[in-house]
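Read the structure below first, then the notes.
The values are calculated or read from the model by the stated rules, or taken from the named source; none is laboratory data. Computed from a predicted structure; not experimentally measured. Here the Cβ positions follow ideal geometry from the backbone for every residue, glycine too, while neighbour counts run over all protein chains shown.
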Amino acid sequence: MPTLRTEAVSKEFGGVQALKGVTISLPAGSTLGLIGPNGSGKTTLLNIIAGLEKPTSGAVMLGETRIDHLPANAIVKLGVAKTHQIPRPFAEMTTRENVSVAVMYGRRRIKDTKRSLNEADRLLSLLGMDARRDLPASSLTVQEKKRLELARALATGAEVILLDEVFAGLSSDELRDSIQLFRKIRGEVGFSALIVEHVMGAVLTLAERVVVLEEGAKIAEGTPDEVVHNEAVIRAYLGFEENDSPG
Ligand SMILES: Nc1ncnc2c1ncn2[C@@H]1O[C@H](COP(=O)(O)OP(=O)(O)OP(=O)(O)O)[C@@H](O)[C@H]1O
Ligand SMILES: [Mg+2]
């Protein structure tokens, strides 16, 4: 899988400058954290990479291929998948059916229902969700729905996974378990990850590098240790109350 890059991506929503010339790079197999206060443009950047929004200017590159003009389903077929900050399962379908749909519409061209359900079961088992397999997705807890989002992203066969606040709202014990689980899946499946959080916790543990956004602009980039000691970052987070609800 080639490196995923955004090059000077800007996005305007009717007068609101959501992103201001943001350049990031996610080499194959790496983990990049993307943090910033509420409204700083994190989800917008993920949506642009995933083809759900078009940039006002700038480009998204997968290796030498420019992908920002492609529709979202074409980007999934190139191996890039995103979780939704607010989970959006097909509510009436069971958990395994939800995952199997992602298998069928992903890049692996598995169209056979039985095979795709088997693959869904394998992934749900990897994620510790066997017991939820046959329940309607609507009956899952918020945290289980987030895990289902991760299962669906993996089910597409993606090699680049974009995670939008999947670790938000967890207790410290749950967070520790989720981080461990993420590492285990990483070991078995292998993918690069762009991890968005608005609090630093999971990102500082999992990411090799971290980019910080404030009001749509990149204000810092470096190792987790470098960014937590960066003055502009400290300023951006001063007076910012930790709040786990998606915004
Ligand atoms: N579809 C849209 N139409 C208009 N404005 C939008 C739209 N999407 C995002 N915005 C605005 O763009 C800015 C960035 O929003 P975005 O959702 O990317 O932030 P975020 O960093 O993900 O925030 P949070 O931590 O709350 O999830 C905000 O000012 C938001 O109101
Ligand atoms: Mg967001």
- Conditions (1) within 26 Å of ILE49 (Cα to Cα); (2) part of a helix (DSSP H, G or I); (3) charged (D, E, K, R); (4) more than 16 Å from the chain's Cα centre (by Cα): number failed by LYS145: (4)
- Could you tell me which residue of the range 148-196 is farthest from ILE86 (Cα to Cα), considering only residues that are within 16 Å of ligand 1 (Cβ to nearest atom) and not in a loop (DSSP other than H, G, I, E, B)? LEU194
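Can you go through ILE24, ILE67, ILE48 and tell me which one is crowded, with 22+ Cβ neighbours inside 10 Å and of a type outside the set (Phe, Trp, Tyr)?
ILE48
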- Which one is nearest to ligand 1 (Cβ to nearest atom) among residues in the range 11-36 that are among the hydroxyl-bearing types (Ser, Thr, Tyr) and either in contact with a helix residue (DSSP H, G or I) (Cβ under 7 Å, 6 or more places away or on another chain) or in contact (Cβ under 8 Å) with a residue 60 or more places away in the chain (or both)? THR23
- Item | Selection within the range 216-247 - crowded, with 16+ Cβ neighbours inside 10 Å, modelled with pLDDT of 90 or more and either in contact with an Asp or Glu (Cβ under 6 Å, 6 or more places away or on another chain) or not hydrophobic (A, V, I, L, M, F, W, C) (or both) | GLY216, LYS218, GLU221, PRO224, ASN230
- Message: Just to verify a result, which residue in the range 70-86, among those that are within 16 Å of ligand 1 (Cβ to nearest atom) and either farther than 27 Å from ALA168 by Cα or surrounded by fewer than 20 Cβ atoms within 10 Å (Cβ to Cβ) (or both), is farthest from the chain's Cα centre (by Cα)?
- Response: ALA72
- Neighbours by Cβ (under 9 Å, 6+ apart or cross-chain): first from the range 37-56, closer than 14 Å to HIS69 by Cα and polar (S, T, N, Q); second in a loop (DSSP other than H, G, I, E, B) and near ligand 1 (Cβ under 8 Å from one of its atoms): ASN47/GLU53
- Picked from the range 7-31 (must be more than 16 Å from ligand 2 (Cβ to nearest atom) and within 18 Å of the chain's Cα centre (by Cα)), the residue farthest from GLY63 (Cα to Cα) is THR31
- Among the residues of the range 188-196, is there at least one that is touching a Phe, Trp or Tyr at 6+ places or on another chain (Cβ under 9 Å) and without any contact (Cβ under 8 Å) to a residue 40 or more places away in the chain? no
